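Each remark here refers to the structure printed beneath this line.
Rule-based calculations on the coordinates, nothing more; no lab input. None of the values given here were measured: they were computed from a predicted structure. Cβ atoms come from the backbone with ideal geometry, glycine included; neighbour counts cover every protein chain shown.
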Amino acid sequence: MTSTARLPKPVTEVWDWQKEGLCRGRDSAVFFHPDNERGTARLAREEKAKQLCRVCPVLVQCREHALAVQEPYGVWGGMGEDERRRLIAEARRRAA
């Protein structure tokens, strides 16, 4: 008999947490920057997104997901792109 131990989990088990996110149904432009957005405009948009994240019931799951899959864009789990990149780079240095 073939073992199923190595099969991936059903998608709903992996992604169900997203149904509880405060970002669900909101304008994605709050969480993902438009092309060429820079400076104070970008910081203000990111801060608005992070304010929602801070009170979100799935903050931890969202952050863990973003770090695990190395989400390259947007605010996830209360962290911006640069914050995640630094944390991932730090983890790699420690592991080396």
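Only Cα pairs under 8 Å and 6+ residues apart enter the sum, and on that basis the relative contact order of the chain stands at 25 percent. Rounded to the nearest 20 debye, the dipole size of the chain about its Cα centre is 260 debye, using +1 on the Cβ of Lys and Arg and -1 on the Cβ of Asp and Glu. Applying 1/(1 + (r/R0)^6) with R0 = 25 Å to the Cβ-Cβ distance of Arg26 and Arg93 gives a FRET efficiency near 0.10.
Label zone (Ala41, point 7 Å along Cα-to-C-beta; backbone nitrogen cut-off 20 Å) within the stretch 59-96: 73-75, 80-82.
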